[in-house]
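Asks: I have a structure I would like to understand better, so I am pasting it below and will then ask my questions one at a time.
Bear in mind that the values in this text are calculations on the coordinates, not laboratory data. It should be emphasised that the depicted structure is a prediction, and the values quoted were computed from it without experimental measurement. Note that we place each Cβ from the backbone using ideal geometry, even for glycine, and neighbour counts take in every protein chain shown.
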Amino acid sequence: MLIGSVLTVVFSALALIGASVGCLLLALLFFDEKSSIASGKASAKPGKTLMSGFFWLIGLGLLSALLIQAPATPAKIAGFLLLAGMLAISAIGTAGLVGFAAERITKKGGADNDFQAQLKASILLVLACLFPVLGGFMVAPAVVCIGLSSGIHSLRKQNKAPASPQQEAA
């Protein structure tokens, strides 16, 4: 194997990690209220959230896969839009997991400010999902299921998120 091939694989993996961390941070910062609701849902009832997300993932995932395989172009577009929407909702819910992990990192004194804790939490979550075998077959599907369920819950929820400690101090 040539060194160019090895470097291509290494830098592709680093680009994937960087893009995933950036996506989670953007979802956490742009959808702060919704990700707080998702964090509360995922931390309050993790087992129920996991199973609910599993059923949402199976239902919507199979529907989008069937639509993508359809010969008609409008059905394919609808399938891709359904898949993209499902992944976007899952990103909002997963940002809630990042927020929960960031709170834990801050409580343990592992970060100087909130953004540093959020960055560490998102890197930790992405690396756990990309860990060989265990991450790809156990951690990543669980994160997607929990993220999808808590993301759907946060988008359906009409009331305000609980005030964060920073908002209470202000």
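Asks: Taking 22 Å as R0, compute the FRET efficiency from the Cβ-Cβ separation of residue 113 and residue 26 and round it to 0.05.
Replies: Efficiency, rounded to the nearest 0.05: 0.75.
Asks: Which entries in 34/107; 76/157; 45/76; 45/157 show an alpha-carbon gap greater than 25 Å?
Replies: Working: 34/107 22 Å; 76/157 30 Å; 45/76 35 Å; 45/157 16 Å.
Flagged as over cut-off: 76/157; 45/76.
Asks: Between segment 46-93 and segment 123-148, what's the alpha-carbon centroid distance in Å?
Replies: Value for the Cα centre distance between the two parts: 18 Å.
Asks: Something else: Quick one: longest stretch of the chain between exposed loop trypsin sites (Lys or Arg not before Pro), exposed meaning at most 12 other C-beta atoms within 10 Å and loop per DSSP?
Replies: 1-107
Asks: Under a no-solvent Debye model with one identical scatterer per Cα of segment 3-108, what's log10 I(q)/I(0) at q = 0.14, 0.17, 0.19, 0.24 Å⁻¹?
Replies: The calculated log intensity ratios at q = 0.14, 0.17, 0.19, 0.24 Å⁻¹ are -0.75, -0.94, -1.01, -1.15.
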